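This report concerns only the one structure given below.
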Amino acid sequence: MRNFTIHLLLFFFLLVSKVVGQETFESEAKRIANKIEKITKEEKEALKQEVEAVNVQLSEGKITHEQADKRKKELAEARAVIIEEKVTLAQNELNDLVQKKVDGKIKEDSAKVYMIRWKSYKHNKDSIRGEKRTTSQFVFAMGLNNTMADGKLQDSNYRFMGSHFYEWGFTYNSRLMKNDNLLHAKYGLSLMYNNIRPTNNRSFVVNGNQTNLVENDIHMSESRFRNVYLVLPAHLEFDFTRPKESNGKTYFRTHKSFRFGIGGYAGINIKSKQILKFEEEDLKYKTTIKGDYNVNNFIYGLSSYIGYRDLSLYFKYDLNPLFQNNSVKENNVSLGLRLDLN
């Protein structure tokens with residue numbers, strides 16, 4: 001819950017970035033975001049080269065198609081773990097930054113603020129800056145997470161406010177028409193973390209090809225089931241930012257007005273685990289159990305967002321069920337906030 005609060009504070013401070021003294025905080029947050037984006041790009045490029053090497057082996061007949069697919073999945077999982085480890089360090093920087101802001105330790109010299117604003121004013125007065133046809137953004141999203149079965153939300157099985165998701169990654173945003181700013185193709189790479197917390201002192205137990213919720217004999221202070229996915233999201237984005245004109249030229253920009261996107265995502269499951277906490281005879285225990293839990297190895301679904309400037313309301317729905325063979329088909333559903341930082 002502490003990380004949930006910290007991230008909400010981050011959203012708040014980014015939204016009020018025009019307030020005096022916020023320039024330092026925002027620049028530091030963007031620096032960390034750029035670091036995370038760089039990590040992701042480097043690891044993605046490394047994965048691309050490794051996959052190409054596997055394809056060469058396949059074309060030369062050294063390995064079979066089955067061996068190639070298995071090796072590619074192993075490489076993707078390994079790179080995802082490396083990304084997660086490196087990004088955790090950057091996230092710790094972000095948490096420290098937010099905490100310093102909360103404690104009032106980040107202050108901006110008034111003269112420096114004045115000079116920054118004066119330079120910005122002079123620049124905007126003398127020229128209008130446009131954007132390249134393809135830009136990139138760091139994406140961070142978080143919110144509520146649950147499942148649906150037969151069209152009904154399973155909030156009786158999973159804590160409504162206690163179950164949550166978060167996602168981070170980067171996207172490319174390409175304007176589709178040369179002389180019109182409305183339609184954009186948005187595509188990239190993301191890590192999705194889907195968490196559900198069972199109700200009524202229950203946890204998941206695997207019974208053959210079935211994964212069932214079972215009530216525990218010992219009172220559980222924490223019961224959480226997490227799945228991590230490496231996905232490729234793609235959206236058609238409608239951006240209502242108006243172009244600017246100067247000296248007979250038209251300049252296009254993005255994320256300056258209302259926008260919404262519709263699309264979907266597809267990817268693979270790279271980790272499933274259950275976290276259990278309980279007390280017994282005045283001793284506190286924490287158990288992390290990793291396994292496949294009969295979770296589907298692949299994920300695909302629909303997603304959409306609508307918002308203003310960098311912030312939007314974000315909805316995701318998995319088209320395939322969470323578990324492969326359960327008698328009751330549960331599909332993951334998420335609703336939260338999404339931040340796209342140019």
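Laboratory data are not the source of any read-out in this text; all were calculated from the coordinates shown. Values in this document were obtained by computation on a predicted structure and should not be read as measured data. Every residue, glycine among them, receives a Cβ derived from its backbone with ideal geometry; neighbour counts consider all protein chains shown.
Sorted ascending by nearby beta carbons within 10 Å, beginning with the fewest, GLU222, GLU330, GLU237 become GLU222, GLU330, GLU237. Annotation: the residues MET177, MET220, sorted from fewest to most other C-beta atoms within 10 Å of their own C-beta, follow the order MET177, MET220. Tell me, how many Å apart are the Cα centres for the stretch 138-183 and for the stretch 291-335? Going from one Cα centre to the other spans 8 Å.
Counting only residues at least eight positions apart within a chain, or on another chain, the aspartates and glutamates with an alpha carbon under 17 Å from that of LYS249 are ASP126, GLU131, ASP180.
Would you mind ranking LEU341, LEU182 so that the residue whose beta carbon has the fewest other beta carbons within 10 Å leads the list? Intermediate values should be presented prior to the final figure.
Details: LEU341 18, LEU182 13.
Neighbour counts put them in this order, fewest first: LEU182, LEU341.
Relative contact order (percent) for the stretch 154-234, with alpha-carbon contacts under 8 angstrom and 6 or more residues of separation? Intermediate values should be presented prior to the final figure.
On the way: 138 pairs, mean separation 25.5, N = 81.
Normalised by residue count, the contact order of the stretch 154-234 is 31 percent.
Using alpha carbons only, the radius of gyration of the stretch 131-341 set against its Kirkwood radius gives Rg/Rh = 1.09.
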